[in-house]
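A.B. asks: Structure below; questions to follow.
The values are calculated or read from the model by the stated rules, or taken from the named source; none is laboratory data. Small disclaimer: the values here were computed from a predicted structure and weren't measured. Counting neighbours? That spans all protein chains shown, and the Cβs are built from the backbone with ideal geometry, glycine included.
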């Protein structure tokens, strides 16, 4: 008790003893508290549903004629002469606003190829002489399973990109020496009668580590 | 050699034992700190079990309060040693012993830094991957590898310097210049480097425009030299207070001012002194006889006053037997500055310099004391060895003078002015040109896209810093009360500024523009508090060992005595 | 013994008891590490025999945890190959199928959720990421007035993450992929701070992968399951690409916006794109990272 003031030396002994005793009890209590607490569960995990498998499926949006042939599917939809007469091209009718009138037998078709109804004539692509084939403007006949040549006759740059692999999905092996590839054809993604890609539901957005997912930014304030 | 090792271990054992001895305030303080440490340890164990998800960090804000505290404490560690400059380069004696307190603070701060970095690691068990040779140490490309080297080197430097100086004091031997001066100068340069390297951790990241700026390094140093010495100013006053024996004004029970009549000193008294002070044997007989002129011997009982602070008289004293305690009134309380046993001196400074007494000396127990007029002492000091020993022992006192504190104040003052100036620079650079890299600064100062979490923090910090700066500039802060207020404001302001104001905004918004707020979790906070408590615990233990050594009360001379 | 010493002893004993009790959560620390994992050598220092042992060990660990025996291989880079990725911003519709295909292929944690790819919705006319919306959830995409930019690891030629890693746990291989050795990473997250593209992810907790969605075709540097406390990121589906196949994101993209291949092969689609397209950009080019990821447009 070297540096202690003389006046408190007498009392200090007991006071320090009380404190020591209190501290010892405190530590035992602390130990009990820790044991009772155990590992604790300091984190509550949120509920993140598993993603719907449709969002990781690689199936193309549309099936082309070529796909149907390969899969041995029912091709009766493509049997034009089952209803139409040979050597009698079906007439195309327009209403007062120059909009094409779709016959009720083909009511599943929506014509929307080109802005301002530019491509309103069926025989721009379909071959009126032979409904089982398609035609290019310069008279060439195109088979239904070889449509890129038809589409590309107008959409040249896109055809060039597609042929090089820069347009449309390619799957399989980038290293062609190790395996083959599967190329998607135009009609796998584009409806020939309404080629613009329709909007679709997106997969869910990211979930943050904790807390609820933030709301999407308000488009008005999209700065 | 073996004896030297055994002596050293005895020294360590005594130091270790004294850490467990104290009064009720000491036990209460240490008990509280230990309890907080244990909470922190428990919280860290939970983090090991569950992963860092128990903290508030995310991929967006991947560093949080652990690294914020680390950054702040590296600054404190660096600044603690910078106090060394006035002492060793400008020869300012007032701060001499305080240097040790600064270095001990640096040791405690570095240990805290290493702890903060370790608790931040996802896989601390893989620390060995950092060891050069055994692991894969990415030096010199990675600034983290530089940081590992400089921090550990700095720790070793300071542990060595403090250990050496304290051990020499313990042995009552003068430290040999070659064993510590070079290291002290290395430590000064190294101190600047640890904080610059830590700054470069941030500055080197081109992908974080808030950090990728040349001003970050200088700001780090400026804020470090504000907060570090401020902490030391406060710590020194705490040391002064807890080693105070009694408030001044309360009569330290003195037996009487009237001491039994002194008698003339004789050669036999000098021989008795030489028994404890062998250097006296080198004094020539002629000088010895001359020194007896006017010399007296006093036989005093415990409590007798031998000299009083503030009075002027020209005698120096040597203790022949017993023990004399020298107390100094500082800040309204008495403090023991040294304790003189047989062969040791007191009162020599005022005698030789003619200045008023700086302390009061009272006998601790029944003692025989030789009193020499200044002329006698000078005669004895004609001997080279005697001169050397008296000179070296003159500095063996533990004085925490107000003057020393005011010198620290001026360091804090200038640093805070520079710190605020650099802040203004940064604000101008961010906001004037209107380019788009300003997002993080916006988030920090004015909020961004509806997120304002940090705005109150940074403005509080700026407010505290500015008020502290004004206080420090005004003569008002020469009074300790206001100086302490200013120091507290500095420390809090800079802690917020470096933590919330630097580390977190660097992450918000993310490099892809997302804003995710960060808030430390309870577990994370407990770990931080635990490490702070551990650092304070270490520092308290260091002081508990260092103060008695510096006062001369824990020394080789009193080995074997009950503490 | 004096009363004081007895009390000091009592405090010491009670203190040690409290210390032991505070460590009690560690009793639940079963699978953190074992001797083999702890002593595992650095990837580049392993001999093929070392690696074979490690792979067997990993297969055993995965089987114990998921009940499925995977096939873990250490794929080496092919010679004469440098991978480049091209993404067509005219075509991306923001459907996020790439995000989830990647998660499924690479055994990423579902909870906490880790996704290597982040799709940004940006307004027309701006590449300023501060204007990006990460959390768009409209009924249908794409939305008029906006375009979508998916961002993942850019496999930079000059990667800041490799520079800052203190233990060389991440490095760039000869085919251009920046890889992470999950068994070497110490989890300091300096790389995550350094990355300018928000590409790196940290395992804040033990990853949760549904057993029925585990991909058993694994690689050591790629999609083997990670543990908590280590970093991960896009690695160009190493288990696929080093076997010659396209990454999962390329395979699933419904509009074919993603293109991948060997830039050193003049016949590859990526060579065609970088040769023929007039406009292609690298994100944050001014950072000097020189990414191997190019965003291009249909001109």
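A.B. asks: Given (1) over 23 Å from residue C:32 (Cα atoms); (2) more than 14 Å from chain B (Cβ to nearest Cβ); (3) crowded, with 20+ Cβ neighbours inside 10 Å, where does residue C:212 come up short, assuming only one miss?
C.D. replies: That leaves (3) as the condition not met.
A.B. asks: While we're here: If only one of B:377, B:405 is touching a residue at least 12 places away in the same chain (Cβ under 8 Å), over 30 Å from residue B:332 (Cβ atoms), in contact with a helix residue (DSSP H, G or I) (Cβ under 7 Å, 6 or more places away or on another chain) and surrounded by 18 or more Cβ atoms within 10 Å (Cβ to Cβ), which one is it?
C.D. replies: Just a single option satisfies the conditions, and that option is B:377.
A.B. asks: Another question, then. Taking the stretch A:33-48 as the region of interest, how many residues are loosely packed, with under 14 Cβ neighbours inside 10 Å and either more than 7 Å from every other protein chain (Cβ to nearest Cβ) or modelled with pLDDT under 75 (or both)?
C.D. replies: Going through the stretch A:33-48 one residue at a time, the tally reaches 5.
A.B. asks: Which residue out of B:321, B:339, B:350 is closer than 12 Å to residue B:551 by Cβ and either touching a strand residue (DSSP E or B) at 6+ places or on another chain (Cβ under 9 Å) or at pLDDT below 85 (or both)? Full working, then the answer.
C.D. replies: On the way: B:321 fails: closer than 12 Å to residue B:551 by Cβ; B:350 fails: closer than 12 Å to residue B:551 by Cβ.
One residue alone meets the criteria, B:339.
A.B. asks: Can I ask one more? Please verify whether residue C:10 is within 11 Å of chain A (Cβ to nearest Cβ) and without any contact (Cβ under 8 Å) to a residue 60 or more places away in the chain, treating the condition exactly as stated.
C.D. replies: Yes, satisfied.
A.B. asks: Given the stretch B:37-145, what helices (runs of 4 or more DSSP H) lie entirely inside it while holding 2 or more residues that are modelled with pLDDT of 95 or more and closer than 30 Å to residue C:113 by Cα?
C.D. replies: Numbers: elements: B:65-82, B:84-88, B:96-120.
Once the helices (runs of 4 or more DSSP H) in the stretch B:37-145 are filtered for at least 2 residues that are modelled with pLDDT of 95 or more and closer than 30 Å to residue C:113 by Cα, what remains is B:65-82, B:96-120.
A.B. asks: Could you tell me which of the residues C:203, C:223, C:217 is over 15 Å from the mean Cα position of the chain (by Cα) and within 21 Å of residue C:70 (Cβ to Cβ)?
C.D. replies: Residue meeting the stated conditions: C:217.
A.B. asks: Six or more apart or on different chains, Cβ under 6 Å: which pairs go from a residue in the stretch A:143-159 that's away from chain C (no Cβ under 14 Å) to one that's surrounded by 15 or more Cβ atoms within 10 Å (Cβ to Cβ) and in a helix (DSSP H, G or I)? Could you list them?
C.D. replies: Close Cβ pairs satisfying both conditions: A:144/A:65; A:145/A:65; A:145/A:66; A:147/A:186; A:147/A:187; A:151/A:186; A:152/A:159.
A.B. asks: May I pose another question? Out of B:122, B:51, B:64, B:40, report the one residue that is at positive phi and within 14 Å of chain C (Cβ to nearest Cβ).
C.D. replies: B:51
A.B. asks: Yes or no: the stretch B:157-165 includes at least one residue that is modelled with pLDDT under 95, more than 28 Å from residue B:71 (Cα to Cα) and either assigned by TED's automatic domain parsing to the domain that holds residue B:279 or in a helix (DSSP H, G or I) (or both).
C.D. replies: There is at least one residue in the stretch B:157-165 that is modelled with pLDDT under 95, more than 28 Å from residue B:71 (Cα to Cα) and either assigned by TED's automatic domain parsing to the domain that holds residue B:279 or in a helix (DSSP H, G or I) (or both).
A.B. asks: Could I ask something else about it? Please verify whether the stretch B:532-547 includes one or more residues that are touching a strand residue (DSSP E or B) at 6+ places or on another chain (Cβ under 7 Å), within 14 Å of chain C (Cβ to nearest Cβ) and closer than 30 Å to residue B:199 by Cα. Don't jump to the end; show me each part of the working.
C.D. replies: Filtering the stretch B:532-547 down to residues touching a strand residue (DSSP E or B) at 6+ places or on another chain (Cβ under 7 Å) leaves none.
No, there is no match, as no residue in the stretch B:532-547 is touching a strand residue (DSSP E or B) at 6+ places or on another chain (Cβ under 7 Å), within 14 Å of chain C (Cβ to nearest Cβ) and closer than 30 Å to residue B:199 by Cα.
A.B. asks: A follow-up question, please. Take the residues in the stretch C:229-274 that are within 14 Å of chain B (Cβ to nearest Cβ) and part of a loop (DSSP other than H, G, I, E, B), then tell me which one is farthest from residue C:203 (Cα to Cα).
C.D. replies: Looking at the filtered set, the residue picked out is C:234.
A.B. asks: Here is a check on your reading of the model: is residue B:475 touching a strand residue (DSSP E or B) at 6+ places or on another chain (Cβ under 8 Å) and either touching a residue at least 60 places away in the same chain (Cβ under 8 Å) or surrounded by fewer than 22 Cβ atoms within 10 Å (Cβ to Cβ) (or both)?
C.D. replies: No, not satisfied.
A.B. asks: From C:195, C:165, which residue is within 20 Å of residue B:118 (Cβ to Cβ), facing chain B (nearest Cβ under 7 Å) and out of contact with any strand residue (DSSP E or B) (no Cβ under 7 Å at 6 or more places or on another chain)?
C.D. replies: Every option except C:165 fails the conditions.
A.B. asks: Going through the stretch B:3-46 one residue at a time, which ones are free of Cβ contacts under 8 Å to residues at least 12 places away in the same chain, more than 21 Å from the chain's Cα centre (by Cα) and closer than 17 Å to residue B:556 by Cβ?
C.D. replies: B:3, B:4, B:5, B:6, B:9, B:13
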